[in-house]
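Written below as structure tokens is the structure these notes are about.
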Amino acid sequence: MPRRHLLACVLASGLSLAAATAHAEPRLALPVACAIGDTCFVQQWPDMDGGPGAADPFCGSAAYDGHDGLDIRVRSMADVAKGVAVVAAAAGTVKGVRDALPDKLAAGAAGREAVRGVECGNGVVIDHGEGLETQYCHMRRGSVSVKSGEWVEAGQKLGEIGASGAAEFPHVHFSVRRGGEKIDPASGRAIGSGCGRGAPFAGTLFDEGAVKALSGSSTSVLGLGLAGAPVDYGALVIKGAPPVPHAGGDASLVWAWISNLRKGDTLAFRMVSPDGQTFFEGSGEPLPGNQAVYSAFAGRKRPLLPGRWTVSVEVIRDGVGVSSKRSEIEVTG
Ligand SMILES: [Zn+2]
């Protein structure tokens, strides 16, 4: 602690009292039972920009204007059907639950209008004491397994990730309030109070395990595969990755589905055919703007050969690779 701050603590009893209260707060565990970057992904952080723009707590683009929680997503509604647990970030008393709304992805203005007043969808609010509350939104209908007034332990299952309320993709929206004020759990600071102040996760409310899980890039390759024709990208969020095509057809394509790309990012694709030769290698144009989710394909108009292909994609930002994925895919005749 810098000496100047120490002195302030000694001189102002109010400050030292506040510090003591903060220390009594529980640390928050990851509110999901899935592997970040593998089976679930950070799609949005709270918006720390106080103005009309948006900035995540690390001054990146993984936020939108006014967003007040952390969105942890699964890839698709097919993953929702498998059941991914939402868990209590800390022990406390359940303050409220809702569990009857359908899991329907809200598209456009009409979709948002349909869930007006119930934007959170199926959710749980937990009172952790000391004025600290956590809320979990968009849970799967019928999955909420706790009742109002019930005591829950840290890590106890509350329900499952879904798409109820105002959800354009399947996720849990996790939000934190302290004394009624909306708090970014990554920095421990009020939402909208500015990004990137201090080291990443300085002042965080998260525990060590959660910080470790959330420290990776929010730019993730959600999907990568081979195709014989352009992929129906609208279907990815519903069904997940399309099946591997059979050999033949008119084209041999690699496709990718990526979260949180930034303006200026480029995608570098590579395809190695079953004979070990580089079949395609190339990069697209720099992105003209930020993209919360983005999909693209590349390749050649040649029939798809049977055998074991290797495909890869890398996101290049300011000349440096920030995320990549490589897959080996067996194509049958
Ligand atoms: Zn959200």
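Nothing in this text is a laboratory measurement; each read-out follows from the coordinates by a stated rule. None of the values given here were measured: they were computed from a predicted structure. For neighbour counting, all protein chains shown are included, and Cβ atoms are generated from backbone atoms with ideal geometry for every residue, glycine included.
Around Arg75, under 12 Å between beta carbons, what's the net of Lys plus Arg minus Asp minus Glu among the other residues? For residues surrounding Arg75, the net value is +1. On full extension, the segment bounded by Lys325 and Asp207 gains 39.6 nm, given 0.36 nm per residue less the C-alpha separation.
Pairs from the table (Lys82/Lys325; Lys104/Lys182; Lys82/Lys147; Lys157/Lys212; Lys182/Lys263; Lys82/Lys104) lying more than 18 angstrom apart at Cα are Lys82/Lys325; Lys104/Lys182; Lys82/Lys147; Lys157/Lys212; Lys182/Lys263. Cα axis of helix 13-24 to longest principal axis of the chain: angle in degrees, 0 to 90, nearest 10? So the helix axis and the longest Cα principal axis differ by about 50 degrees. With the simple spin-label model, which puts each label point 7 Å out from Cα in the Cβ direction, the His246 to Lys301 separation comes to 2.4 nm. For the charge dipole of the chain, defined by +1 on Lys and Arg C-beta atoms and -1 on Asp and Glu C-beta atoms about the Cα centroid, which residue among Ser295, Ala186, Val144 has the Cα displaced farthest towards the positive pole? In the chain, that residue is Ser295.
Charging the Cβ of each Asp and Glu at -1 and of each Lys and Arg at +1, and nothing else, the dipole of the chain about its Cα centre rounds to 120 debye.
The order of the peptides 127-133, 185-191 by mean Cβ neighbours within 10 Å, most packed first, is 185-191, 127-133.
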